[in-house]
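A.B. asks: Before anything else, here's the structure in question.
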Amino acid sequence: MSSKIYCRHHFLKHILNLRKPKLSIKHNQILGCIVDNDNYDIKSQRHRSNEREKGLSSLVRPIPVKLANSVDDINVGAELTGGIKKDELLKLLNQFARRPIVLKLAAENGLDTTLFHKAFISFRLFCADSEQLPVDLHIVLSDIIQNAGHVDDIFPYFLRHAKQTFPHLDCMEDLQNISDLRLPANWYPEARSTPRKIIIHAGPTNSGKTYHALERFLSSKSGVYCGPLKLLAAEVFHKSNKLGTPCDLVTGEERRMVNGDDNPTDHVACTVEMVNVTKPFEVAVIDEIQMIKDPQRGWAWTRALLGLCAQEVHLCGEGSAINMVSDLMTSIGDEVQVRKYKRLTKLTYLDYAVESFENVNPGDCIVCFSKNDIYHISRQLEIRGKEVAVIYGGLPPGTKLAQAQKFNDPNDPCKIMVATDAIGMGLNLSIKRIIFYSMMKPTLNEKGEKEMDVISTSQALQIGGRAGRYGTEYENGEVTTFRSEDLNILKDVSSRLIEPIEQAGLHPTADQIELFAYHLPKATLSNLIDIFVTLCRLDNDNYFMCDMEDFKFLADMIQHVPLNLRVRYTFCCAPIPKKQPYVCTMFLKFARQFSRNEPLTLDWLCLQIGWPFAPPGVLADLVHLEGVFDILDLYLWLSYRFPEMFPDVTHIRDMQTELDQVIQQGVRQLTTLLKSRESTMSTGTQDIEDEFEIKVKKSKRKHKLRLDSLVNELTKIDSSDNNVDKQKYGGLTGKLIGDGLITSTMADKMHEEWAKKINKNKSDD
């Protein structure tokens, strides 16, 4: 090297040193003593991260860093120090990755073992394949290869690259602050500045607790009722207006303003998710407060409880919520009063089971936990000449009310009801005896496998308490089982005390997720949710994070559709039955149409759903029409969030009313539909909704296992792999191993998978 170039070389090194990525004093001190630190315990470093960090490392996804390709004909780094041989470079980088002190420094900068290896693979690829490395990095690498520097000098440049690969490393403190949910009461300054009196009305079903709370609601100057169901909100809406207290109705899919859209009344009945927490009221009623523990919807009750700006907040529900709510409200300065109620009528748990459909009597309600049981029981009773009313979750609210009125009408011959646990709340029914067809309720685990579990004490008491109602034909109620072997289970479950509620649900808001997206612009919405849930800090004594799986399911479904984050978040909050493939398909079509900025008109929707509707001829037609009703609900729900894109609200509501009548006709003819079903299906066939959910969960689990396997392979960097006998492999595989881009373990795995695929294709042929 000439003296001119030598001087220029050292001058540039001095300038580049000023631009060199800086480490903290602590890091520089560590680097000062690295030569004798080879005895650092790698295993202890690998297990240093806590569970939260381990969870985060499996969630954050590396962002590809563009290779540094040549922008001109002059490679300044090579001109100053000469070129770098690829084999020497890869050998140096692999030596760097095995340094214990490097692992330690990486961990202190937020890179656990998994993230470190992912970042290193990206860094090694960047260095090996870039046509022209950044000048400062080229000089440092060249100096180390020529024994003019130490291998640990690479770390600042590796860390710079790692922060490009994992942007969260640069904003970890901001992300943790955004996801700090330890003081949710402070999110509602209007409520905190209002002196509030919390009145808890606690008691079993049919004890009059909600009646007393609503009496105060009706007599107040202004009030809001928050219910768990549209049916309950609508019931309060009708009752208030009938008694002379003007009241509006607000649900996710409907707004009814009795004095006109521009003149809201002082009273409103709403579903709990829709309550306005900034508007002041004299009285607020939150019904079914025990649902604050619900894994999916509990956050809505927490928001209402903490955020309602009302002088009096009346809570109705089980006694299990008393201690938790009292402690929570007292801690934020609210006055708490507890009123306990006893059941108004007698409820008897019988010592004998029904055992036969012949023994089912007028006033009986058979409760089961699957549609197939609904169909089977209805058919068996109809064969014996007993007319039945049917209620299950998938039916429209109008159809449920029609079936309830049919059952309650003393002049109607229908005196037996078959229902799912949907009757647990929201319907006034004149039931003499509740019969549990089974004490086991099917659920799907994360693997997509169906599991059976005994219903909880809370569920048993809620459903059993529907027997007997004050002021009806059957004031005194009875509870039993269909099978004698379930009788002891019922008595055991119902005799237990309901476990006290200990935590209230929370979930991330749209604003919080938007702030996350600002710092992590390349992350998907589903990934943002995962990272938020992993990083969030909670007061675990009082709160839990609600399950976001349904939200993520919808987010993954429309991830490829170009929507801005706020719109995407809103779409994913839509309450659709994710078990129904047809409804999910239409949800995706809605998102695509929206992304093209094309309004979803009446004509467009009619073409998609096949309007006009014909009465169902077979059971599958009825199930399909129930899905169509959910699609119309989805349209109405979105219309209140995006009115310009969903313009035909009035026509859609009229269409939905018509469809409700068609479904009611189908339910009335359920026996005929069941007869046509018997020739093609056995009663043991699982529901189509369950089949869809099982496929989805199994697919997600299979994808996750494959991803975990790939991550594990990528993170295995062993020195023995770099000294592999290259003659074992030929062609491209040998070149990849020789360049240090993959290990022999990874190569073996790829060969094994490829062989399996070839064998499978041969067997398929």
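The values are calculated or read from the model by the stated rules, or taken from the named source; none is laboratory data. Treat the numbers as computed from the prediction; the structure is a model and nothing was measured. Please note: Cβ atoms are built from the backbone with ideal geometry, for glycine as well, and neighbour counts cover all protein chains shown. Keep in mind that these areas ignore ligands, DNA and RNA; they rest on the heavy atoms of the full protein, side chains included. Shrake-Rupley method; radii C 1.70, N 1.55, O 1.52, S 1.80 Å.
A.B. asks: Could you identify the single residue in Lys441, Lys432, Lys386, Lys415 that is charged (D, E, K, R) and in contact with a Pro (Cβ under 7 Å, 6 or more places away or on another chain)?
C.D. replies: Answer to the selection: Lys415.
A.B. asks: Looking at the stretch 601-624, can you tell me whether even one residue there is under 30 Å from Asp547 (Cα atoms) and surrounded by fewer than 19 Cβ atoms within 10 Å (Cβ to Cβ)?
C.D. replies: Yes, the stretch 601-624 contains at least one residue that is under 30 Å from Asp547 (Cα atoms) and surrounded by fewer than 19 Cβ atoms within 10 Å (Cβ to Cβ).
A.B. asks: Then there's this: Among the residues of the stretch 107-143, which ones are surrounded by 20 or more Cβ atoms within 10 Å (Cβ to Cβ) and either more than 19 Å from Phe166 (Cβ to Cβ) or in contact with a strand residue (DSSP E or B) (Cβ under 9 Å, 6 or more places away or on another chain) (or both)?
C.D. replies: Residues satisfying the conditions are Leu133, Val135, Asp136, His138, Ile139, Val140, Leu141, Ser142.
A.B. asks: Only one residue in Ala510, Ala574, Ala614, Ala517 is among the aliphatic types (A, V, I, L, M) and out of contact with any helix residue (DSSP H, G or I) (no Cβ under 6 Å at 6 or more places or on another chain). Which one?
C.D. replies: Checking each option against the conditions leaves just Ala614.
A.B. asks: Restricting to the stretch 195-221, name every residue that is within 24 Å of Ala402 (Cα to Cα) and without any contact (Cβ under 8 Å) to a residue 12 or more places away in the chain. Let's see the steps before the verdict.
C.D. replies: First pass over the stretch 195-221, keeping only residues within 24 Å of Ala402 (Cα to Cα): 205-206, 210-211.
If the condition is that a residue be within 24 Å of Ala402 (Cα to Cα) and without any contact (Cβ under 8 Å) to a residue 12 or more places away in the chain, then Tyr211 is the only one that fits.
A.B. asks: If I filter the stretch 156-175 for residues that are surrounded by fewer than 20 Cβ atoms within 10 Å (Cβ to Cβ), at pLDDT 85 or above, in a loop (DSSP other than H, G, I, E, B) and not acidic (Asp, Glu), do I get at least one hit?
C.D. replies: No, the conditions are met nowhere in the stretch 156-175.
A.B. asks: Here is a further query. If Asp72 meets every condition in (1) out of contact with any Gly (no Cβ under 9 Å at 6 or more places or on another chain); (2) at pLDDT below 85; (3) surrounded by 15 or more Cβ atoms within 10 Å (Cβ to Cβ); (4) of a type outside the set (A, V, I, L, M, F, W, C) apart from one, which number is that one?
C.D. replies: (3)
A.B. asks: Turning to a different aspect of this structure: Do we have Leu506 as modelled with pLDDT under 90 and either under 17 Å from the mean Cα position of the chain (by Cα) or of a type in the set (A, V, I, L, M) (or both) here?
C.D. replies: For Leu506, the condition - modelled with pLDDT under 90 and either under 17 Å from the mean Cα position of the chain (by Cα) or of a type in the set (A, V, I, L, M) (or both) - is not met.
A.B. asks: Yes or no: the stretch 225-242 includes at least one residue that is modelled with pLDDT of 95 or more and of a type in the set (Asp, Glu).
C.D. replies: Taking every residue of the stretch 225-242 in turn, none turns out to be modelled with pLDDT of 95 or more and of a type in the set (Asp, Glu).
Residue-by-condition table, conditions (1) small (Gly, Ala, Ser); (2) modelled with pLDDT under 90; (3) within 31 Å of the chain's Cα centre (by Cα):
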| residue | (1), (2), (3) |
| --- | --- |
| Leu381 | no, no, no |
| Asn408 | no, no, no |
| Cys414 | no, no, no |
| Pro442 | no, yes, yes |
| Gly448 | yes, yes, yes |
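A.B. asks: Restricting attention to the stretch 177-194, which residues are open to solvent by 60 Å² or more (accessible area, probe 1.4 Å), assigned to a helix (DSSP H, G or I) and touching a residue at least 12 places away in the same chain (Cβ under 8 Å)?
C.D. replies: Within the stretch 177-194, Trp187, Glu190, Arg192 meet the criteria.
A.B. asks: Could you list all residues from the stretch 307-346 that are touching a residue at least 12 places away in the same chain (Cβ under 8 Å) and of a type in the set (Val, Ile, Thr)?
C.D. replies: Passing the criteria: Val313, Ile322, Val325, Ile332, Val336, Val338, Thr345.
A.B. asks: Looking at Leu306 and the list (1) in a helix (DSSP H, G or I); (2) open to solvent by 10 Å² or more (accessible area, probe 1.4 Å), which single condition is not satisfied?
C.D. replies: (2)
A.B. asks: Kindly state which helices (runs of 4 or more DSSP H) lie completely within the stretch 358-477 and contain at least 3 residues that are of a type in the set (A, V, I, L, M, F, W, C) and open to solvent by less than 40 Å² (accessible area, probe 1.4 Å). Even if it seems obvious, please write down each step before you answer.
C.D. replies: On the way: elements: 371-383, 397-408, 457-464.
Per the criteria, 371-383, 397-408.
A.B. asks: Moving on. On the basis of being under 23 Å from Asn186 (Cα atoms) and more than 25 Å from the chain's Cα centre (by Cα), does Asp327 make the cut?
C.D. replies: Numbers: under 23 Å from Asn186 (Cα atoms): yes; more than 25 Å from the chain's Cα centre (by Cα): yes.
Yes.
A.B. asks: Going by the conditions given, is Tyr569 touching a Gly at 6+ places or on another chain (Cβ under 6 Å) and hydroxyl-bearing (Ser, Thr, Tyr)?
C.D. replies: Numbers: touching a Gly at 6+ places or on another chain (Cβ under 6 Å): no; hydroxyl-bearing (Ser, Thr, Tyr): yes.
Criteria not met by Tyr569.
A.B. asks: Applying the selection to the stretch 85-106, what residues are crowded, with 18+ Cβ neighbours inside 10 Å and assigned to a loop (DSSP other than H, G, I, E, B)?
C.D. replies: Hit for the stretch 85-106 is Arg99, nothing else.
A.B. asks: For the stretch 522-532, enumerate the residues that are part of a loop (DSSP other than H, G, I, E, B) and buried (at least 18 other Cβ atoms within 10 Å of the Cβ).
C.D. replies: Ala523
A.B. asks: Out of all the residues in the stretch 533-579, which are open to solvent by 20 Å² or more (accessible area, probe 1.4 Å) and over 17 Å from the mean Cα position of the chain (by Cα)?
C.D. replies: Answer for the stretch 533-579, where residues must be open to solvent by 20 Å² or more (accessible area, probe 1.4 Å) and over 17 Å from the mean Cα position of the chain (by Cα): Arg537, Leu538, Asp539, Asn540, Asp541, Asn542, His560, Pro562, Leu563, Asn564.
A.B. asks: Name the one entry in Ile377, Ile434 that is touching a Gly at 6+ places or on another chain (Cβ under 6 Å), more than 27 Å from Gln656 (Cβ to Cβ), of a type in the set (Val, Ile, Thr) and modelled with pLDDT of 90 or more.
C.D. replies: On inspection, the qualifying residue turns out to be Ile434.
A.B. asks: Another question about this same structure. If a residue must be open to solvent by 60 Å² or more (accessible area, probe 1.4 Å) and closer than 27 Å to Ile292 by Cα, how many such residues does the stretch 478-502 contain?
C.D. replies: Of the residues in the stretch 478-502, 8 are open to solvent by 60 Å² or more (accessible area, probe 1.4 Å) and closer than 27 Å to Ile292 by Cα.
A.B. asks: Scanning for something part of a strand (DSSP E or B), out of contact with any Pro (no Cβ under 6 Å at 6 or more places or on another chain) and either open to solvent by 70 Å² or more (accessible area, probe 1.4 Å) or without any contact (Cβ under 8 Å) to a residue 40 or more places away in the chain (or both), does the stretch 222-239 turn up at least one residue?
C.D. replies: no
A.B. asks: A follow-up question, please. Go over the candidates Val283, Val258 one by one and state the one that is farther than 22 Å from Arg469 by Cα and modelled with pLDDT under 95. First the steps, then the outcome.
C.D. replies: Working: Val283 fails: modelled with pLDDT under 95.
None of the others qualify; the one that does is Val258.
A.B. asks: Within the stretch 115-122, identify whether any single residue is more than 36 Å from the chain's Cα centre (by Cα), under 30 Å from Leu535 (Cα atoms) and either part of a loop (DSSP other than H, G, I, E, B) or at pLDDT 75 or above (or both), and answer yes or no.
C.D. replies: Our first condition is that a residue be more than 36 Å from the chain's Cα centre (by Cα); within the stretch 115-122, this holds for none.
Scanning the stretch 115-122, I find no residue that is more than 36 Å from the chain's Cα centre (by Cα), under 30 Å from Leu535 (Cα atoms) and either part of a loop (DSSP other than H, G, I, E, B) or at pLDDT 75 or above (or both), so the answer is no.
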